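Only one structure is covered here, and it is reproduced in the block below.
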Amino acid sequence: MNRAAGQRQRADLDAIVRWVGEGSRVLDLGCGDGHLLTRLQRHKRVEGYGVDFDIDSVTQCVAAGINVIQSDLERGLSGFGDQAFDHVILSHTLQAMHSTERIVREMLRVGREGIVSFPNFGYWRHRWQVIRGRMPVSEDLPYQWFDTPNIHLCTLRDFELFCQQHGVHILERLVLTENRPVSSMHNLLGATALYRIEALR
Amino acid sequence: MDDPRPAPAVTARTLGVVTPQTARFDQPLTLRSGAVLESYDLVYETYGTLDAEGSNAVLICHALSGTHHVAGLSVADDPKTAGWWDNMVGPGKPIDTDHFFVVGVNNLGGCHGSTGPSSIDPRTGKPWGADFPLVAVIDWVHAQARLADRLGVKVWAAVVGGSLGGMQAMRWAITFPERVRNAVVVAAAPYLTAQNIAFNDVARQAILTDPDFHGGHFYEHGVVPTRGLRLARMLGHITYLSDDVMAEKFGRMLRGNDLKFGFDVEFEIESYLRYQGDKFAGYFDANTYLIMTKALDYFDPAREAGGDLAAVLARATARFLVVSFTSDWRFSPARSREIVDALLAARRPVAYAEIDSPNGHDAFLMTDAHYHNVMRAHFARIVAEAR
């Protein structure tokens, strides 16, 4: 799973670590080598599980002693019980998935709360590159158009509209640029967005 | 048995020749069926050295036709006598005997030296034959626990097995949670499906209806139900391979140049299966085959909790590594996921790898970089955590 961009955003992971409750049950979707879970275990003593489709990532997690399930997120989270986790994390992965609606629905079935982060396509540097006639390449979108795994890029406004239309309630939002919080004109000035979400009941 | 902690047979980077040992047990063992084995022998091999705390021991549980001879050679310089998991266990191998004291044991009911149907029943002075009681996976685990006591192993660093061996690893973790730190369950299932049992019963019927079977007392008649065993093995072998690997290996290849319009071997696959069947019938005991398939059929630990596997696995404290193979249709990845999902529901520590392999059920015995890397990572972690 693609975490290349996510790994660059220290502040992104810092925020996730802040948001996760002490001793909670955490499922990290697209967990890669398990670095986020390792941090969460160290700082929040979580009961953590990761999911990744890549065997080398799974092997790295096993080597690190991280609970990990090799599974294709595109096929949902069947096998994980309803509301089995306090937090389900999807960090810099949503934009690389085919079944966007399904994974968000599944996150909120399996978890009490979801944490989603993604690069903001509406960030002014991205918009500027499009205006100049090129597909954006940046810290947060480090790929060329022809080799990018990102197939469902969106802006903050897009995601928030999606939530509205899919019964998803936004609990909290954090917008970052170069590891610093953005305080105004988020959709224009924010490079990365993080959301705490839950299902509307 | 003279020395409970035998000196390891360690040479440069191979285990070299390994000599099996026999442990005799005179304390009666009550089996799941209610039958009692008054005394019995277990044949086993060990590799590597048990540390002073007795904390680096790994038990390897064998599958249907496996033996205590897991690794190393039986005969010097003869690679054909290598153990059945020699690619996995040894110095520098994923289960590294430089770090671990590894034990392989032939299970009760077996035919490689441990007490089984071909052993002499002390009450009659004749081979047990069909009178040997049916044993269940839990009976093996109890017998293995006594061997562990004998060897000075209080807690296994890991109990490991593929297929029926993986079921023993699960059973260990459930029955003796305090004695298992890691359970490695490869290409297994939490219970057999109707289709699995059906295959086993066809195999059993082949043996039971062989005129040379004599109700299981063929030893006294000086014959062996070769035809039945051969058929049973041929059938089993089909289920161990994937359609793809069979197509690739044999396809519609003919032995000769042309069709012969007869019932002799024509296709390569026929030749292969008959060869495997003949080879197996030449050394394996028919009663053992029946017993092993029954142990498979009976395995269903969730039964103890009204079918709730998670409730049963909640008793385990071991960290689990569950591994499956994409083309295994005997115990498909979905069956391993049942184990994993139950462990998740029970909030147990687990890692699950689904190895992309064309080799069907047999993949668990084969060398595969991804598979071996995961195993290696898991055992390296055990070593690191022990420090």
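The values are calculated or read from the model by the stated rules, or taken from the named source; none is laboratory data. As the structure is a prediction and not an experimental result, all values here were calculated from the model. Glycine gets a Cβ as well: all are built from the backbone with ideal geometry, and neighbour counts include every protein chain shown. Quick note on the areas: whole protein, heavy atoms, side chains included, nothing else; ligands and nucleic acids left out. Shrake-Rupley method; radii C 1.70, N 1.55, O 1.52, S 1.80 Å.
Among the candidates A:V68, A:V88, which residue alone is within 8 Å of chain B (Cβ to nearest Cβ) and either buried (at least 24 other Cβ atoms within 10 Å of the Cβ) or part of a helix (DSSP H, G or I) (or both)?
Result of the check over A:V68, A:V88: A:V68.
Part of a helix (DSSP H, G or I) and either farther than 24 Å from B:N200 by Cα or of a type outside the set (A, V, I, L, M) (or both): which single residue out of B:R252, B:R233, B:R315 fits that description?
B:R233
For segment A:144-161, how many residues are of a type in the set (V, I, T) and either open to solvent by 30 Å² or more (accessible area, probe 1.4 Å) or farther than 12 Å from A:N120 by Cα (or both)?
Selection size over segment A:144-161: 2.
Yes or no: B:A52 surrounded by fewer than 24 Cβ atoms within 10 Å (Cβ to Cβ), of a type in the set (A, V, I, L, M) and in a loop (DSSP other than H, G, I, E, B)?
yes
Considering each of B:A148, B:A173, B:A157, B:A169 in turn, give the residue that is surrounded by 20 or more Cβ atoms within 10 Å (Cβ to Cβ), touching a helix residue (DSSP H, G or I) at 6+ places or on another chain (Cβ under 6 Å) and within 25 Å of B:V350 (Cβ to Cβ).
The unique qualifying residue is B:A157.
Output yes when any residue across segment B:357-369 is outside any helix (DSSP H, G or I), within 21 Å of B:A173 (Cβ to Cβ), without any contact (Cβ under 8 Å) to a residue 40 or more places away in the chain and open to solvent by less than 40 Å² (accessible area, probe 1.4 Å), and no when none is.
No: segment B:357-369 contains no residue that is outside any helix (DSSP H, G or I), within 21 Å of B:A173 (Cβ to Cβ), without any contact (Cβ under 8 Å) to a residue 40 or more places away in the chain and open to solvent by less than 40 Å² (accessible area, probe 1.4 Å).
B:L134: open to solvent by less than 30 Å² (accessible area, probe 1.4 Å), at pLDDT 95 or above and of a type in the set (A, V, I, L, M, F, W, C), yes or no?
No; evaluated as a whole, the condition is false for this residue.
Is segment B:325-341 home to any residue that is assigned to a strand (DSSP E or B) and under 18 Å from the mean Cα position of the chain (by Cα)?
yes
For segment A:97-143, give me each residue that is assigned to a helix (DSSP H, G or I), open to solvent by less than 20 Å² (accessible area, probe 1.4 Å) and in contact (Cβ under 8 Å) with a residue 40 or more places away in the chain.
A:I103, A:V104, A:M107, A:L108, A:V110
Scan B:W128, B:W156, B:W140 and give me the residue that is over 20 Å from the mean Cα position of the chain (by Cα), among the aromatic types (F, W, Y) and modelled with pLDDT of 95 or more.
B:W128
Being facing chain B (nearest Cβ under 8 Å) and either more than 22 Å from B:F379 (Cβ to Cβ) or of a type outside the set (A, V, I, L, M, F, W, C) (or both) is the filter; apply it to segment A:31-55 and report the residue that is surrounded by the most Cβ atoms within 10 Å (Cβ to Cβ).
Filtering first and then ranking leaves A:Y49.
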